[in-house]
Amino acid sequence: MAYETILLEKKGQIAIIWFNRPDKLNAASPTVFTELDAAITDVEQDDNIRVVILTGKGDAFSAGADVERFEFDKIIKGVDFIENVARPFMHFEYMPKPVIAAVNGYAYGFGTGITLACDVVIASDKARFSTREVNWGQIPIETLLRGAEILGKRVIGYMTLTGATFNAEEAKDVGLVNRVVPHDQLMEEVMKLAEAMCKGAPLAQKMIKRVLNRKCHEDWDWTMAMMPTIFSSEDVAEARKAFMEKRKPEFHGR
């Protein structure tokens, strides 16, 4: 199928999914989530594909959410939105094929969160990671829930409560990244890793992923229950209005 916001490329047994909104720093829109899930379905059903790589076009992996595209004036809109968001996250974890995140630049908000649904993360030395949702009245729910299991409470607490930015080496130090490579060697090194994974036993890889991700469904159940309430809060409405007016939001805890 033709995509508006991503590219899907297949090279032998390896599929590369590119976020393809470089003019928007690959910010995530509802269409991005829908098309990403469709691409995952494509590669999952392609028996020739053994390994998937997720990366971004331009200077960013993904710089977060495209706030202009989201409206949560009714709870049902929040329900529909979080279900749309959750599908590709869950799909990456449930899919039996290994997924490598090749983080080529800014990975903010959604960009950080989606790496936690991948099996291995290789970062360019230009990569930057941050979860800044707290500054906009939101919760980076996928980072909180999956990150607490993967990285631990202290690391995720610091990241999500402060909105701090981690460079590639700092991200590696806390376990968010497996390896850091020179920017101009990123895709070469990731392709080498993917080719090595293609030689592994597929049934064993499937079982490894199943064991590692055995608790993810519980986390996503929490996501579905919590987020529509947050989305419908006055603070989130104020944050969106402030973003459009290019000012800092004023929160009142309502």
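Here is a check on your reading of the model: is residue 254 modelled with pLDDT under 95, surrounded by fewer than 17 Cβ atoms within 10 Å (Cβ to Cβ), touching a helix residue (DSSP H, G or I) at 6+ places or on another chain (Cβ under 6 Å) and not in a helix (DSSP H, G or I)? Criteria met by residue 254. Suppose the filter is in a helix (DSSP H, G or I), more than 20 Å from the chain's Cα centre (by Cα), of a type in the set (A, V, I, L, M, F, W, C) and surrounded by 17 or more Cβ atoms within 10 Å (Cβ to Cβ); does residue 236 pass it? Criteria met by residue 236. Residues in region 130-146 that are touching a residue at least 24 places away in the same chain (Cβ under 8 Å) and either in a loop (DSSP other than H, G, I, E, B) or under 19 Å from residue 88 (Cα atoms) (or both): 11 in all.
Considering region 125-146, and only residues there that are surrounded by 24 or more Cβ atoms within 10 Å (Cβ to Cβ) and at pLDDT 95 or above, the residue that is farthest from residue 61 (Cα to Cα) turns out to be 129.
In the set (1) within 30 Å of residue 47 (Cβ to Cβ); (2) free of Cβ contacts under 8 Å to residues at least 12 places away in the same chain; (3) not in a loop (DSSP other than H, G, I, E, B), residue 218 fails one condition alone, (1). Cβ-Cβ contacts under 9 Å between residues 6 or more apart (or on different chains), taken from a first residue in region 190-209 that is in contact (Cβ under 8 Å) with a residue 24 or more places away in the chain to a second residue that is surrounded by 12 or more Cβ atoms within 10 Å (Cβ to Cβ) and hydroxyl-bearing (Ser, Thr, Tyr), are listed as 190/55; 209/94.
Quick one: is residue 71 modelled with pLDDT of 95 or more and farther than 29 Å from residue 167 by Cβ? No. Checked against the criterion of being within 29 Å of residue 204 (Cα to Cα), hydroxyl-bearing (Ser, Thr, Tyr) and at pLDDT 95 or above, region 102-121 contains one or more residues that satisfy it. With the structure loaded, tell me whether residue 209 is of a type in the set (Lys, Arg) and loosely packed, with under 12 Cβ neighbours inside 10 Å or whether it fails that test. Against the criterion (of a type in the set (Lys, Arg) and loosely packed, with under 12 Cβ neighbours inside 10 Å), residue 209 does not qualify. Within the bounds of region 157-165, is there any residue that is in a helix (DSSP H, G or I), in contact with a Ser or Thr (Cβ under 8 Å, 6 or more places away or on another chain) and small (Gly, Ala, Ser)? No. State yes or no: is residue 44 modelled with pLDDT of 85 or more and either in contact with a Cys (Cβ under 8 Å, 6 or more places away or on another chain) or surrounded by fewer than 22 Cβ atoms within 10 Å (Cβ to Cβ) (or both)? Yes.
Inside region 174-188, residues that are surrounded by fewer than 16 Cβ atoms within 10 Å (Cβ to Cβ) and not in a loop (DSSP other than H, G, I, E, B) make up a count of 5.
Here is a check on your reading of the model: is residue 171 in a helix (DSSP H, G or I), under 16 Å from the mean Cα position of the chain (by Cα), surrounded by 15 or more Cβ atoms within 10 Å (Cβ to Cβ) and modelled with pLDDT of 95 or more? Yes, satisfied.
Among the residues of region 15-41, the ones that are in contact with a Lys or Arg (Cβ under 9 Å, 6 or more places away or on another chain), crowded, with 22+ Cβ neighbours inside 10 Å and more than 23 Å from residue 129 (Cβ to Cβ) come to 1 in all.
The values are calculated or read from the model by the stated rules, or taken from the named source; none is laboratory data. Quantities reported herein were computed from a predicted structural model and do not represent experimental measurements. Virtual Cβ from ideal backbone geometry, glycine too; neighbours counted across all protein chains shown.
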